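The values are calculated or read from the model by the stated rules, or taken from the named source; none is laboratory data. Here the structure is a predicted model, which means the values were calculated and not measured. Reconstructed Cβ throughout: ideal geometry from the backbone, glycine too, with neighbour counts over all protein chains shown. With ligands, DNA and RNA removed, areas are computed over all heavy atoms of the protein, side chains included. Shrake-Rupley method; radii C 1.70, N 1.55, O 1.52, S 1.80 Å.
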Amino acid sequence: MGQKPITFFRQVLALCSYPDLLEDSKFPEDAKSRARRILQACGGGSLGAYSTSQGIEIIRQDVARYIERRDGGIPCDPDNIYLSIGASDAIVTMLKLLVSGEGMSRTGVMISIPQYPLYSAALAELGAVQISYYLEEDNCWSLDINELRRALQEAKKHCSPRALCIINPGNPTGQVQSRQCIEDVIRFAATENLFLMSDEVYQDNVYADGCKFHSFKKVLFEMGPEYSEKVELASFHSTSKCYMGECGFRGGYMEVVNLDPEVKVQLTKLVSVRLCPPVPGQALLDVVVNPPQPDEPSYDTFIKERTETLATLAEKANMTQEILNQVPGIKCNPVQGAMYSFPRIHLPPKAILEAKVESACTQFNLISVLFMDISKGEKGQSPDMFYCMKLLEETGICLVPGSGFGQRDGTYHFRMTILPSKEKLKIVLAKIKEFHQHFTDQYS
Amino acid sequence: MSFLREISPLVKNTFLSERDVLSICAAQIAAEIQQDERKNYNEVLDLSSGDLHRGGIKSITFVRQVLAACFYPALLEDDSLPLDVKQRADGLLRQCDGGSVGSYTDSCGIVKIKQCVSKFITRRDGGVPSSPDNIFITSGSQMLMLKLLVQSGGSCRTGVLIPVPTYATFTQALEDQGAAIIPYHLCEEQGWTLQVEELRRALHAGRRTCNPVALYICNPGNPTGIIQSRKSIEEVIRFAAEERLFLLADEVYQSCVYGEDTEFESYKKVLSEMGSTIASTVELASFNSASKGFMGECGLRGGYVELVNLDPAVKEYTRTLFSTRSSPPVGGQIALDLMTDPPKPGDPSFLTFSEVEVFGEIPGISCQPLKAGFFVFPCLHLPLRAIKWAKKKQMEPDMLYCLHLLEETGLHVRPGCEFGQRKDSYHFRFDTMEDALQRLKTFHKQFMKEFS
């Protein structure tokens, strides 16, 4: 989307791909030393060799050290780190492990509404039971323990709840969980014997004043052995988001905490079936967790690029929220983190009616299949899909309807990213504003 | 910590490859060598997987230059890179969103690369048309395709016919999906050929316990190193047509063919030449990858599958399935582009080796000639004492042999039990590197003497 990649990362990757460049004086020494170290750990000194299925060992060690630094010194065992093909691969792998049973004993997995549809898709594919818990829109999309409790009790009647998934910072909502909330969730998981899956791929994307990223692992360990020795946790991270934005490389990892050793054996076996994660992605992850230090030649440029990317995102988050909230009929919660805005849109009854009558346009079948709330079994389109189609046709702006992520009945939303450049984003927001007013008038 | 013991039975039932035992030992020995604690050899030669680079073969310079330029476009201004590298990298970057390889791509792969692949297929098959719409780029493995075919429940459990021997990872992937494996034996005495009567026998046996849906063939073969004759391919296709089986043709070694009288013909090409009824009805998925062939870029994870004669609705569903996986790794996609559209004249596309009787002179080892791929699958005629000793150690005899081989010579190879073999027969999968052959010959004589 026009975001510039971090120079240092791309230099190291180029050096790893074509080691002759190690003789090229145009590359800085710190990039070269990292490349050499990575290549030494690769079979035959090449990115083209398979790695072990859990991921290159020194990279897992570097990831462990990164986690320790991030979490104020709480120990991390590299053996608990599994490198993966983006975070998605690791998430699906964990879910594969967890899903079993039939009928009443079929595994249930708790997931937020709204959520990133990888979860609902994976659960559907695995035949697991999706247990939806609603985030509080009126309270900045925060997580309410009472709602978790309600959802769980309800679910126990027809399945065997085993896991609880949290996305923090949230996608699509952008909320950043408070520390108190994280503690409450951990206590809940401990009481109810649930496996915690914390999707933390946006951990560097925190913008709002007063908001801070707290890793589930850190909070868990700070809650003392009563919890830190008992609660099972898998947390996920990736090179696709934050300030790196290197989605195409498919770099990622998961850290597992308190897994039964026998279960870990099964996990290790499971990942071996897909041979290994792409080695360039592993190499990239290594530099992400091992960036230039203050005394190294690439440090200044690196810090400048990183700061600029994150600062710009923060500005755009703010701008998006402000402009959208000026539109009558659009209400936008603060974009506290991540990369999206998920405003609520008020749709006139006539529009809702028209959506129900209209059949899904066949050329958009794929989007329909992926994002439609099929469980509703309604005829025609969701009203917010209808809205987004019209927006696309009239302005060329492509957003995703809230129905794809889940929302309370009778409410409608769309998700947009805050990734275009500031100038472009201003134009996009102005067009959305104009469209919304026109749409509202048209269907009044 | 307790409830996780009730994890998915599909995972629990997946065969735990003995890879660990040998691999752990190999790693230990490598560490000892590092600390100068080994005298009889100074490196572990890893022949355990079809990994050219790990085995010491260098990557193709052109490939790595293009990759580097794509990763770090500042290199496009560099004088040191040849013009064709820059042009290729520039062209590829234009296909990426925002001109960056860091962007997600289309979940089925970059369109231009799929076009490149389909042109490659058309050239390879002497003009048989191939559409980019039928090409799906993957991150190397075949797992997504299996999802389409496999239903794991009850009496409707999907069965897949698998050759014995076959490489373990594929079997594991099937079991992971909950499929039933229906083994059919290749005929070692006749050069590891596929006999249709054996296919028929296996299918009928399979029908008693599951619902056979697909037939998997690996050509050129892994671990056997054979190339299927055209006649054999036609027989298999006819069989699939009669029995309404979905053909899974694993053709990842298609560009490693040796010997003057051997030629690779794709299943798709042969299918297209078998008359309009069969040609338009037999459903086929053929797989290729950047991991093998002359590039050997296993770590980049680039592969594709071409779907032939699939119902349009099923193809649409395939697209949906792929879309749940975001995008295939971009490094792998670049590798595929280069593999299917390599630089023109002057560059090697085929390794040229003459056909070799590799183990002709080693008593106690017999081996079918190497025709294609990276491996041979020699048969071990082990003395009774060795077999008894292995059984005492609760180990497969060929695993025992491989462990001793590793200890004595630093050669890491895989035992036949991992690939499947007829009862009471023993094999190991081997590479034909000269150095490895020497070490093996010396060891084998010693081993046979010790256990006679």
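Here are the numbers for the structure shown:
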{"read-out": "Pairs from A:K32/A:K424; B:K58/B:K231; B:K86/B:K292; B:K112/B:K231; A:K241/A:K424 whose Cα-Cα separation, in the structure shown, is over 30 Å", "value": "A:K32/A:K424; B:K58/B:K231; B:K112/B:K231"}
{"read-out": "Computed accessible area, B:E283, all protein chains, 1.4 angstrom probe, square angstrom", "value": "70 Å²"}
{"read-out": "Occluded residues from the stretch B:293-308, i.e. those whose accessible area drops by 30 Å² or more once the chain is not alone (1.4 Å probe)", "value": "B:G299, B:L300, B:R301"}
{"read-out": "Between helix A:57-70 and chain A: long-axis angle, C-alpha atoms, 0 to 90°, nearest 10", "value": "60 degrees"}
{"read-out": "Amide H within-cut-off set for A:S160, under 5 Å, with H built and near neighbours excluded", "value": "A:R106, A:T107, A:G108"}
{"read-out": "Residue-count net charge about A:V327 - beta-carbon cut-off 12 Å; Lys, Arg +1, Asp, Glu -1", "value": "+2"}
{"read-out": "Surface accessible to a 1.4 Å probe, per residue, for the residues of the protein assembly as shown, Å²", "value": "40 Å²"}
{"read-out": "Length added when fully stretched, B:K388-B:T61, from 0.36 nm per residue minus Cα-Cα", "value": "112.7 nm"}
{"read-out": "Computed [θ] at 222 nm, helices only, for chain A once each DSSP H run of length n ≥ 4 contributes -39500 (n - 2.57)", "value": "-14000 deg cm²/dmol"}
{"read-out": "Rounded Å value of the spacing that divides the Cα centres of the stretch A:1-44 and the stretch B:214-284", "value": "42 Å"}
{"read-out": "Computed [θ] at 222 nm, helices only, for chain B once each DSSP H run of length n ≥ 4 contributes -39500 (n - 2.57)", "value": "-11500 deg cm²/dmol"}
{"read-out": "Rounded to whole Hz, the Karplus (6.51, -1.76, 1.60) HN-Hα couplings of the stretch A:334-342, x for glycine and proline", "value": "x, 8, 6, x, 6, 10, 9, 10, 10"}
{"read-out": "Chain A: angle of helix A:29-40 to the longest principal axis, Cα-based, in degrees nearest 10", "value": "80 degrees"}
{"read-out": "Taking chain A and dividing mean pair separation by its residue count, relative contact order in percent (alpha carbons under 8 Å, at least six apart)", "value": "18 percent"}
{"read-out": "Where A:E68, A:E137 fall by accessible area, highest first, once all protein chains stay in place (1.4 Å)", "value": "A:E68, A:E137"}
{"read-out": "Spatially proximal aspartates and glutamates relative to A:K331 (Cα-Cα < 12 Å; intrachain offsets below 8 disregarded)", "value": "A:E137, A:D138, A:E322"}
{"read-out": "Acute angle (nearest 10 degrees) that the helix A:422-442 long axis makes with the longest principal axis of chain A, alpha-carbon atoms", "value": "20 degrees"}
{"read-out": "Total accessible surface hidden between B and A, rounded to 100 Å², 1.4 Å probe", "value": "5300 Å²"}
{"read-out": "Candidates A:E255, A:E232, A:E192, ranked by Gaussian network fluctuation over chain A, Cα under 10 Å, top entry", "value": "A:E192"}
{"read-out": "Cα-based reach from B:K393 at 19 Å (exclusive), listing lysines while leaving out same-chain residues under 8 positions away", "value": "B:K423"}
{"read-out": "All lysines inside 20 Å of A:K269 as judged from Cα atoms, apart from same-chain residues fewer than 8 positions distant", "value": "A:K96, B:K12, B:K147"}
{"read-out": "Calculated FRET efficiency for the pair B:S452/B:E243, C-beta based, R₀ 30 Å, to 0.05", "value": "0.05"}
{"read-out": "3J(HN,Hα) from dihedral phi, the stretch A:241-247, Karplus parametrisation 6.51/-1.76/1.60, rounded to Hz, x for glycine, proline", "value": "10, 6, 9, 7, x, 8, 4"}
{"read-out": "Interface residues in the stretch B:165-211 - accessible area drops by 20 Å² or more relative to the isolated chain, probe 1.4 Å", "value": "B:T169, B:Q172, B:D176"}
{"read-out": "Normalised contact order of chain B, rounded percent, pairs of Cα under 8 Å and 6 or more residues apart", "value": "19 percent"}
